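The values are calculated or read from the model by the stated rules, or taken from the named source; none is laboratory data. All values reported here derive from a predicted model rather than from experimental measurement. In this analysis, Cβ positions are derived from the backbone assuming ideal geometry, glycine residues included, and neighbour counts consider all displayed protein chains.
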Amino acid sequence: MSLSQQDVLILFQKKKLAIQSGSIQFPLHGEAIVIELETEDGRFKFQADVNRKNSKSLDKITYQNRYNKCYIIRRLDFGDSHQNPPANPPDEIFRTYTNALIKEPHVHFYFENFDARWALPLKEVLELNIDQSTDDWYTVMEKFFKYCNIEGYSIAKLLFT
């Protein structure tokens, strides 16, 4: 089953609030966290992930915003490459990246009939305002969550590697 593009845009724009109270620790290398989210009226359920589990590299991390656990609305990957489909792009901005292997940090977008198989290099997603030369992993998370309209979470910014 696929979400319509109109539904995805509406879901992406909704304010998402953390269900859990209390602070959780930003994941250390080899760990991951999932934050359960919902809209203000409680009708829609989301998850925010910060994953540092599946890598030997300290430079690999994934930030993700999901709807109903299985629909990746947006995902930001560092330390991994991605191959876009060879199909007609779902939006004009992706035309340059059709069938492209993206070897730099990149953002995945959900599109009807493609799920989250289309991505753009991070430098193309100006709304995130991420500065790779100065932003640490925690700051990147804060900017990604703001971009995804995620609020009300409390993640401890402890010393981490």
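Side notes on the structure shown:
- The residue list ASP59, ASP7, ASP77 contains one member that is assigned to a strand (DSSP E or B), among the acidic types (Asp, Glu), without any contact (Cβ under 8 Å) to a residue 60 or more places away in the chain and closer than 24 Å to VAL125 by Cα, which is ASP77.
- Within the stretch 141-161, being surrounded by fewer than 19 Cβ atoms within 10 Å (Cβ to Cβ) and touching a Leu at 6+ places or on another chain (Cβ under 7 Å) holds for LYS143, GLU151, GLY152, PHE160, THR161.
- Among residues that are closer than 22 Å to PHE109 by Cβ, modelled with pLDDT of 95 or more and not hydroxyl-bearing (Ser, Thr, Tyr), ARG43 is not included.
- Matching residues in the stretch 120-161 - criterion: being farther than 24 Å from LEU17 by Cα, of a type in the set (A, V, I, L, M) and either in contact with a Lys or Arg (Cβ under 8 Å, 6 or more places away or on another chain) or in a loop (DSSP other than H, G, I, E, B) (or both): LEU159
- Hits in the stretch 107-140 (condition: out of contact with any Leu (no Cβ under 9 Å at 6 or more places or on another chain), closer than 21 Å to LEU58 by Cβ and crowded, with 18+ Cβ neighbours inside 10 Å): TRP137
- Enumeration of residues in the stretch 125-145 that are touching a residue at least 12 places away in the same chain (Cβ under 8 Å) and within 18 Å of GLY79 (Cβ to Cβ): VAL125, LEU128, ILE130, GLN132, TRP137, TYR138, VAL140, MET141, LYS143, PHE144
- Taken as a whole, the structure leaves GLU104 outside the set of residues that are of a type outside the set (A, V, I, L, M, F, W, C), modelled with pLDDT under 95, surrounded by 12 or more Cβ atoms within 10 Å (Cβ to Cβ) and more than 17 Å from ASN149 (Cβ to Cβ).
- Residues that are more than 11 Å from ILE150 (Cβ to Cβ) and assigned to a strand (DSSP E or B) within the stretch 18-35 comprise ILE24, GLN25, ALA32, ILE33, VAL34, listed in sequence order.
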